[in-house]
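The values are calculated or read from the model by the stated rules, or taken from the named source; none is laboratory data. Keep in mind that what you see is a predicted model, and the values were worked out from it rather than measured. Glycine gets a Cβ as well: all are built from the backbone with ideal geometry, and neighbour counts include every protein chain shown.
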Amino acid sequence: MTKNIAALAFSLIITLFSSAQIKKDSFAPPLRIPLFLTGNFGEIRVNHFHSGLDFKTQGTIGFPVYSFDDGYISRVMISVHGNGRALYVNHPNGTTTVYLHLDRFMPEMETKLEDFQYKEETYEINHYFKENEVRVKRGEQIAFSGNSGSSAGPHLHFELRDTKTEEVMDPIPYFRNLIKDHIAPQAREVVVYPMFYGGVINGKMQKTFLQVVNKSIRQTPEVWGKIALGIKAFDTKDGVGNVYGVKSIQLFVDNELISDYKIDRYAFKNTRSVNSCIDYVEWIHHRSSILKSYIDPGNKIGIFDAMKNGGIFDIKEERDYKVKYVLTDEYGNNSELNFTLKGKRQVIPETTIDCRNKLFCDKPSFFKSTNMHLELPLGVLYDDLCLNYSSVPSVSYYSDLHKIHTPNVPLHNFCTLELKVENDTVKDKSKYYLVRISGHTASYQKSEYKKGWVKGFIREFGEYAVVADFRPPTITKLKTNSNDRIEFRISDIGSGVASYRGTIDGKFALFAMDTKRGVIVCKLSPKHVIAHQQHQLKMMVRDNCDNESQFQEEFKW
């Protein structure tokens, strides 16, 4: 009895302490449904680290979304792709919370935004509000969850940013009492890399994959020279089947810390550095996310707290080297993976590298041939590069086909590419544009013609050429089940749709892009269209080479 009373008293003290902590650090969850994640902060995504938390919305849209804390709405965006409908709230403590892929805002905000859209005559907007112009309270509803933009399914993307620097921070500490996690991360695979042509593994200068079976590695590769490692790992949480990125990864060799990776904050300008943090070849060919435990000299992401010799270690003694990975999640759950590398003296083959065309990661670089100019600003490369380049005449294009290095090497920012038009027979030069050729796909690159050359901006190595687009876009009016809606499907098989504009009786009509259905939609309203009379509808669509199509008809509404 005494023991039970003591236990009850202790439980009461803990409850009161926890309540005090919650009151002191109180906030409002953005959703009032059980919180489960589809994605955590810092996960590896295509060309970026995931910048927030993805909350499940039970496979549907329309759940109320609430302001995390007191503050004011600082920014609202509506975009076809990317974030979709997005809302930003600035808070007094110097942070900003961001809510993405929304279905709609509150009615008053929807009215404001529609007025902006009609004033600017555009569907896409990016509007900044003045400080305290639109104030919100903690827990006040600000929107409804959705599936807009480049969302792959209904969910709420939630971000926490430093208002001043706009760096993103991991919001998970605020949700530890609402999202349960008692499961430690686990490793799936380790990769051993011979580095800088100065290492060898099992007699070969090629990376070696070590499979993790039953939380252990039974292989013991023989290594010599300069070696580095990478690891493929995942995390899980209570009650869900999703897998997540790992928060912290430490690498020890003979109990010495070699690499200490931890992602809890980063700047957007560095997010593309994810391509340098991973084995990019495995990612683009197999979508396998192997995080390297070494860093390229041009990688400025700043998520490695400690890195000895860039994460590269030298195997120069014939003995066993004890390796340990420590994987830790946001809740402090951790696991260890221990294995052995056997130091074995081996001949490191001499390698001759053709480096006549060297590009640098620490300064601007240039390459010119008779019919191709390439300019890489500072910060484009993650490491110095011996450029491989060739070109061949082609009857399929207006230029030669240019093979610029290999897509296996990532670029951080855009670089400038100019290609000479070898067969300059097109009278209207605006029809020329650059394409990146991958298999049977030719992707439009923003570009323009000037004095026999086409100049554009690229962010990937690969095959490029000049083509021309003479075909206008297609416009198809769709039948709907409602007289209050007008829908079109618009497309372009050449340079791609650049813009569209709809009018009713000569005045701008707001057509929203529904990317999930591939249509544009206008919802008729007496506010903008006079009811019970004949109207003139017109739709104009222009592609990136200024080819234009028009559709006109009369309708009664």
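Does H373 satisfy the condition of being in a strand (DSSP E or B) and over 26 Å from the mean Cα position of the chain (by Cα)?
Yes: the conditions hold for H373.
Tell me, please, whether a residue that is closer than 30 Å to S396 by Cα and crowded, with 20+ Cβ neighbours inside 10 Å can be found in the range 493-502.
yes
Name the single residue that is surrounded by the most Cβ atoms within 10 Å (Cβ to Cβ) among those in the range 87-97 being within 21 Å of the chain's Cα centre (by Cα) and in contact (Cβ under 8 Å) with a residue 60 or more places away in the chain.
Looking at residues that are within 21 Å of the chain's Cα centre (by Cα) and in contact (Cβ under 8 Å) with a residue 60 or more places away in the chain, I get T97.
Looking only at the range 352-365, how many residues end up being hydrophobic (A, V, I, L, M, F, W, C) and exposed (fewer than 12 other Cβ atoms within 10 Å of the Cβ)?
Count: 2.
Taking S289 and the conditions (1) assigned to a loop (DSSP other than H, G, I, E, B); (2) under 20 Å from L341 (Cα atoms); (3) not aliphatic (A, V, I, L, M), which numbered condition does it fall short on, given that it satisfies the others?
All conditions are met except number (2).
If I filter the range 382-389 for residues that are of a type in the set (D, E, K, R) and either farther than 23 Å from Q206 by Cβ or assigned to a strand (DSSP E or B) (or both), do I get at least one hit?
Checking the range 382-389: not a single residue is of a type in the set (D, E, K, R) and either farther than 23 Å from Q206 by Cβ or assigned to a strand (DSSP E or B) (or both).
Restricting attention to the range 50-79, which residues are more than 27 Å from Q117 (Cβ to Cβ), in a loop (DSSP other than H, G, I, E, B) and within 23 Å of the chain's Cα centre (by Cα)?
Matches in the range 50-79: H50, G59.
Among residues belonging to the range 187-235 that are among the aromatic types (F, W, Y) and at pLDDT below 95, point out the one that is surrounded by the most Cβ atoms within 10 Å (Cβ to Cβ).
Step by step, filter the range 187-235, then rank; the result is Y197.
Can you tell me which residue in the range 304-344 is surrounded by the most Cβ atoms within 10 Å (Cβ to Cβ), limited to those that are in a loop (DSSP other than H, G, I, E, B) and in contact with a strand residue (DSSP E or B) (Cβ under 6 Å, 6 or more places away or on another chain)?
D329
Look at K237 and say whether it is within 18 Å of S335 (Cα to Cα) and among the basic types (K, R).
Judged against the criteria, K237 is a match.
Counting residues that are β-branched (V, I, T), which strands (runs of 3 or more DSSP E) fully inside the range 96-163 reach at least 1?
125-128, 141-144
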